[in-house]
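What follows is a single structure, written as structure tokens, with notes after it.
The values are calculated or read from the model by the stated rules, or taken from the named source; none is laboratory data. None of the values given here were measured: they were computed from a predicted structure. Methodologically, a virtual Cβ is constructed for each residue, glycine included, from the backbone with ideal geometry; neighbour enumeration extends over all protein chains shown. These area figures cover heavy atoms from the full protein model, side chains too; ligands, DNA and RNA do not enter into them. Shrake-Rupley method; radii C 1.70, N 1.55, O 1.52, S 1.80 Å.
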Amino acid sequence: MADAFPKIKQIKYEGPDSRNPLSFKHYNADEEVEGKTMRDHMRFASSYWHTMRGQGMEIFGWPTMVRPWDDGSNSMEMAFRRIPVFFEFLEKTGIDYYCFHDRDVAPEGRNLRETNRNLDRIVKELKKIQKNSGKKLLWGTSCMFLQPRFMHGAATSPNIEAFVYAAAQVKKAMEVTLELGGEGYVFWGGREGYQTLLNTDMKRELEHLGVFMQMAVDYRKEIGFNGQLLIEPKPKEPTKHQYDSDAAACLNFLRQFKLLDHFKLNIETNHAQLAGHTMQHDLEVAIAAKALGSIDANMGDWQLGWDTDQFPTDLYITTHTMLCLLKMGGFTSGGLNFDAKVRRESYEPVDMFHAHIAGMDTFARGLKIAARIRKDGRLADFVRDRYSSWDSDLGKKIEKRKTSFAELEVLALEIGEIKTNRSGRQEYLETLFNEFI
Ligand code: XLS
Ligand code: NI
Ligand code: NI
């Protein structure tokens, strides 16, 4: 184990009255909520790209986060040196899982062969340290958006050579994910979209994406990878429009290409917001299709139109998220991955701890609040009651598709003007919700 954070001890649960900023006030890993420990509800993960590779660089500014262990280079030596630092961090925060892109953990070589060799060497090291620490890989993915070769897309590039390269890259990334016992494999198509339709054959690009995903399904089977394949929706950034724009668009794509049985969705809070939805909306869409696989837990800034990837500190969002998860019966293979980064002004290593603690505590509160809302039952009762007219014989008949317009016309004439509408009580329900926050 490295000693990158010598002044920081194991973060412990100290309860809501503690004034120690480096403690959990609400996240108590072994405490049970609805018969399951918090640890098992949450399945928290830290993302290698933000936590280890994020340096606070943006268009207007150079890196602010000059880490004492990192010389900022993309060398193999640095790749090795970061690993124990990251695992020390996971150990001290009590986070059980992590996620990575192939290129976060190992640099590209002079050609694909060398790149794969680099990755293999690093994966060997990761496997060892996973074994010693008990930490696990939630999901792996491949980065097909940074390198200029993917400027026009990967699986949807007009250039067939980019498609070929992407296939080889995903093949390798799936292999190493299997090697590390990853519980899932994510596709986020950052460049699978367009900047202008003037130069784009959208139909053809989508068909190529369909073929690509089918090959991933086939390869998963071929190598005996039992992890869940996932698509992560996002509407825009870096491209103007991304094909996997939201949960509904992803589900439609999967249905169109007969892939629905093989994929689930990895829903990210900030992405749902960029799509003009709430997190709750995209979660409900995914759950209704039995396709919620995992969550990228973060939040955006409502005033900003891009992916700010902030740590989740909004209690309303985490409560809605946990309500959805509890309703679904919890994760099977997925988890809450902090696809989140500290602000570039929060440049000290200790801020990595503050940020993860904030996210974990906010989710722990969300879980407890959600459980209390469920136990109270008034909210669920209201919704159930709102649909009670459908619990009639007529309701059953319609839901079972055993009626027709003609039959309903007869009924409508009998009913006359409708006098049975009831209030939606939105303001009352919002106050009811607030009672628990
Ligand atoms: C970017 C995405 C990315 C995926 C993994 O916006 O959230 O980080 O989670 O490729
Ligand atoms: Ni993400
Ligand atoms: Ni994102």
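Things worth noting here:
- In the elastic network of the chain, a GNM with C-alpha springs shorter than 10 Å, the most mobile of Lys341, Lys172, Lys397 is Lys397.
- Spacing of the modelled spin labels on Lys402 and Val66, each 7 Å from Cα toward Cβ, amounts to 7.6 nm.
- FRET efficiency, 1/(1 + (r/R0)^6) with R0 51 Å, evaluated for Glu237 and Glu417 via beta carbons: 0.55
- For peptides 416-425, 15-24, 208-217, 262-271, sequence by mean Cβ density within 10 Å, most packed first: 262-271, 208-217, 15-24, 416-425
- Dimensionless Rg over Rh [the range 1-96; C-alpha; Kirkwood]: 1.05
- Computed log₁₀ I(q)/I(0) - Debye formula, equal Cα scatterers, no solvent, the range 70-148, q 0.13, 0.15, 0.18 Å⁻¹: -0.40, -0.54, -0.77
- Near Lys136, the amide H atoms lying under 5 Å from its own belong to Tyr97, Tyr98; only residues 5 or more places off or on other chains count, and H is placed 1.01 Å from N.
- Antiparallel DSSP beta bridges within the chain, as percent of all bridges there, nearest 5: 20 percent
- Selection among Thr403, Pro349, Thr420 by position relative to the dipole of the range 340-437 gives Pro349 as farthest towards the positive end (Cβ unit charges, Cα centre).
- Counting Lys and Arg as +1 and Asp and Glu as -1 over every other residue whose Cβ lies under 14 Å from the Cβ of Glu114, the net charge comes to +3.
- The angle between the Cα long axis of helix 247-256 and the longest principal axis of the Cα atoms of the chain comes to about 90 degrees, rounded to the nearest 10.
- Dipole orientation for the range 213-295: of the candidates Ser294, Thr278, Leu251, Leu251 has the Cα lying most toward the positive pole (charges on Cβ; Lys, Arg +1; Asp, Glu -1).
- Backbone N under 19 Å from the Val350 label point (7 Å along Cα→Cβ), restricted to the range 1-20: 3-14, 18-20
- In a fully extended conformation the segment linking Lys375 and Lys36 would gain 120.5 nm over its present Cα-Cα distance, using 0.36 nm per residue.
- For the range 127-142, the Karplus equation 6.51 cos²θ - 1.76 cosθ + 1.60, evaluated at θ = phi - 60°, returns couplings of 4, 4, 6, 4, 5, 5, 9, x, 6, 10, 8, 6, 7, x, 7, 10 Hz by residue, with Gly and Pro reported as x.
- Residue-by-residue Karplus 3J(HN,Hα) for the range 34-49, coefficients 6.51, -1.76, 1.60, Hz, glycine and proline x: 6, x, 9, 5, 4, 4, 6, 5, 7, 6, 5, 9, 10, 9, 4, 5
- Close amide H contacts of Glu268 (hydrogens built in the peptide plane, cut-off under 5 Å, sequence separation of 5 or more or a different chain): Asp296.
- Dipole magnitude of the chain about its Cα centre (Cβ charges: Lys, Arg +1; Asp, Glu -1), debye to nearest 20: 800 debye
- Selection among Tyr185, Ala173, Ile160 by position relative to the dipole of the range 149-191 gives Ile160 as farthest towards the positive end (Cβ unit charges, Cα centre).
- The chain - mean residue ellipticity at 222 nm from DSSP helices (-39,500 (n - 2.57) per run, n ≥ 4, rounded to 500): -14500 deg cm²/dmol
- This model, with +1 at the C-beta of Lys and Arg and -1 at the C-beta of Asp and Glu, gives the range 292-437 a dipole about its Cα centre of some 640 debye.
- When peptides 47-58, 137-148 are ranked by their average number of other Cβ atoms within 10 Å per residue, the highest-first order is 137-148, 47-58.
- Only alpha carbons enter this Debye calculation for the range 351-408, each as an equal point scatterer, and the log10 of I(q)/I(0) it gives at q = 0.15 Å⁻¹ is -0.66.
- Backbone HN-Hα couplings from phi across the range 19-27 [Karplus 6.51/-1.76/1.60, Hz, Gly and Pro as x]: 10, 7, x, 9, 8, 8, 9, 10, 7
- Among the protein heavy atoms of the range 1-91, carbon and sulfur supply 54% of the accessible surface, probe 1.4 Å, non-protein parts ignored.
- Using C-alpha pairs under 8 Å with a sequence gap of at least 6, the mean separation divided by the residue count of the range 120-248 gives a relative contact order of 27 percent.
- Divided by 2.2 N^0.38 Å, where N counts the residues, the Cα radius of gyration of the range 299-411 comes to 1.63.
- Above-threshold pairs, the threshold being 22 Å between Cα atoms, out of Lys92/Lys136; Lys203/Lys290; Lys327/Lys396: Lys203/Lys290; Lys327/Lys396
- Less than 5 angstrom separates the built amide H of Gly193 from those of Tyr243, all sequence-distant by 5 or more or on a different chain.
- Ranked by the mean number of other Cβ atoms within 10 Å per residue, highest first, peptides 173-180, 399-406, 34-41, 368-375 order as 173-180, 368-375, 34-41, 399-406.
- Spread over its residues, the convex hull of the C-alpha atoms of the chain is 184 Å³ per residue.
- On Cα atoms only, tilt of 279-288 relative to the major axis of the chain in degrees: 70 degrees
- Angle in degrees between helix 426-436 and the longest Cα principal axis of the chain, rounded to the nearest 10: 50 degrees
- Accessible surface area normalised per residue over the range 336-437 is 68 Å², counting heavy atoms of protein chains with a 1.4 Å rolling probe.
- Pairwise label distance in nanometres, Glu409 with Lys124, each label 7 Å out on the Cα-Cβ vector: 7.7 nm
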